[in-house]
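Below is one structure; the comments refer to it alone.
The values are calculated or read from the model by the stated rules, or taken from the named source; none is laboratory data. Fair warning: this is a prediction, and the values are worked out from it, not measured in the lab. Cβ placement follows ideal geometry from the backbone for every residue including glycine, while neighbour counts extend to all protein chains displayed. These area figures cover heavy atoms from the full protein model, side chains too; ligands, DNA and RNA do not enter into them. Shrake-Rupley method; radii C 1.70, N 1.55, O 1.52, S 1.80 Å.
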Amino acid sequence: MYYKKLIGEKCYLSPMNVDDYEKYTEWVNDMEVAAGMLFASKMITSSKEKEVLETLSREYNFAIVDIKTDELIGNLGFPKLDYINRVAEVGLFIGNKEYWSKGYGQEALNLALDFGFSILNMHNIYLRVYSYNKPAISCYKKVGFKEAGRIREAKTIAGEKYDEIIMDILEDEYESVYIKKIVSEKNF
């Protein structure tokens, strides 16, 4: 079961459902999906993934769900939150490849940024991506992320070296897509 915590036009963000561990295990072991993530080299069993989901579900991590079909398509969350300096790291993946390059990641990330800036009151939200992941980089730029730096030749795959790119966005560079509208309509 999923709950509509943050709602877009194509998808919504819901608290994670630990019972989805088999689906996540399938995705994170699919090299096409995992190659874009920082943990691609890890072996992940269903019992390990269930443990991970149990931990993640207690934090600010969300399932990404198709709004028309209520089908789980991926997840995103904030693995690092620094409340003193108001800086957060965000991570995202679309595990269901049928939803790749269709704007779902962009919309989900916009909803997450709205939550991070409007509810968690962050000032800077950043992410990490490998230079070979061109679709992800394009998505992040469309949302408003800018390159903040890079760790050169940080990843080696099949004998080729790739940079790890750090991208970020500041609160004054982002316009609320959902929460501001709710607050203004309710006249809180």
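Yes or no: GLU175 more than 26 Å from LEU56 (Cα to Cα) and in a loop (DSSP other than H, G, I, E, B)? Can you show your working first?
On the way: more than 26 Å from LEU56 (Cα to Cα): yes; in a loop (DSSP other than H, G, I, E, B): yes.
So GLU175 passes the test.
Pairs under 7 Å by beta carbon, first residue at negative phi in the stretch 105-127, partner modelled with pLDDT under 95 and of a type in the set (S, T, N, Q), six or more apart or different chains?
Going by the 7 Å Cβ cut-off, the qualifying pairs are ASP114/SER176; SER118/SER176.
So how many residues does the stretch 79-102 have that are open to solvent by less than 100 Å² (accessible area, probe 1.4 Å) and either among the basic types (Lys, Arg) or free of Cβ contacts under 8 Å to residues at least 12 places away in the same chain (or both)?
Number of matching residues: 3.
LYS50 - would you say it is open to solvent by 80 Å² or more (accessible area, probe 1.4 Å) and farther than 20 Å from SER101 by Cα?
Numbers: open to solvent by 80 Å² or more (accessible area, probe 1.4 Å): no; farther than 20 Å from SER101 by Cα: yes.
Against the criterion (open to solvent by 80 Å² or more (accessible area, probe 1.4 Å) and farther than 20 Å from SER101 by Cα), LYS50 does not qualify.
Of LYS155, LYS180, LYS161, LYS142, which residue is free of Cβ contacts under 8 Å to residues at least 60 places away in the same chain and either within 27 Å of ASN85 (Cα to Cα) or within 18 Å of the chain's Cα centre (by Cα) (or both)?
Details: LYS155 fails: either within 27 Å of ASN85 (Cα to Cα) or within 18 Å of the chain's Cα centre (by Cα) (or both); LYS180 fails: free of Cβ contacts under 8 Å to residues at least 60 places away in the same chain; LYS161 fails: either within 27 Å of ASN85 (Cα to Cα) or within 18 Å of the chain's Cα centre (by Cα) (or both).
Exactly one of LYS155, LYS180, LYS161, LYS142 is free of Cβ contacts under 8 Å to residues at least 60 places away in the same chain and either within 27 Å of ASN85 (Cα to Cα) or within 18 Å of the chain's Cα centre (by Cα) (or both), namely LYS142.
Hey, could you check the stretch 138-153 for residues that are under 23 Å from LYS10 (Cα atoms) and not basic (Lys, Arg) and say which is surrounded by the fewest Cβ atoms within 10 Å (Cβ to Cβ)? I'd like the intermediate steps shown before the answer.
Step one: filter the stretch 138-153 for residues under 23 Å from LYS10 (Cα atoms), giving 138-145.
Still in the running and not basic (Lys, Arg): 138-140, 143-145.
Details: SER138: 12, CYS139: 22, TYR140: 24, VAL143: 20, GLY144: 16, PHE145: 24.
Top of the filtered list is SER138.
For the stretch 10-44, which positions are of a type outside the set (D, E, K, R) and either loosely packed, with under 14 Cβ neighbours inside 10 Å or modelled with pLDDT under 80 (or both)? Break it down into steps so the answer makes sense when it comes.
Filtering the stretch 10-44 for residues of a type outside the set (D, E, K, R) gives 11-18, 21, 24-25, 27-29, 31, 33-41, 43-44.
Within the stretch 10-44, MET31, ALA34, ALA35, GLY36, MET37, LEU38, PHE39, ALA40, SER41, MET43 meet the criteria.
Pick from ASN61, ASN85: which is closer than 23 Å to TYR126 by Cβ and in contact with a His (Cβ under 8 Å, 6 or more places away or on another chain)? Before the answer, list the steps.
Details: ASN61 fails: in contact with a His (Cβ under 8 Å, 6 or more places away or on another chain).
Only one candidate qualifies: ASN85.
Scan the stretch 118-137 for residues that are open to solvent by 50 Å² or more (accessible area, probe 1.4 Å) and among the hydroxyl-bearing types (Ser, Thr, Tyr) and jot them down.
First, pick out the residues of the stretch 118-137 that are open to solvent by 50 Å² or more (accessible area, probe 1.4 Å): 119, 121, 123, 126, 128, 132, 134-135.
TYR126, TYR132, listed by residue number.
The rows are residues; the columns are (1) assigned to a loop (DSSP other than H, G, I, E, B); (2) more than 19 Å from ILE64 (Cα to Cα); (3) out of contact with any helix residue (DSSP H, G or I) (no Cβ under 9 Å at 6 or more places or on another chain).
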| site | (1), (2), (3) |
| --- | --- |
| GLY91 | no, no, yes |
| SER101 | yes, no, no |
| GLN106 | no, no, no |
| LEU109 | no, no, no |
| ALA112 | no, no, yes |
| GLY116 | no, no, no |
| LYS141 | no, yes, yes |
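Inside the stretch 154-188, can you point out the residues that are surrounded by 14 or more Cβ atoms within 10 Å (Cβ to Cβ), hydroxyl-bearing (Ser, Thr, Tyr) and over 16 Å from ILE125 (Cβ atoms)?
TYR162
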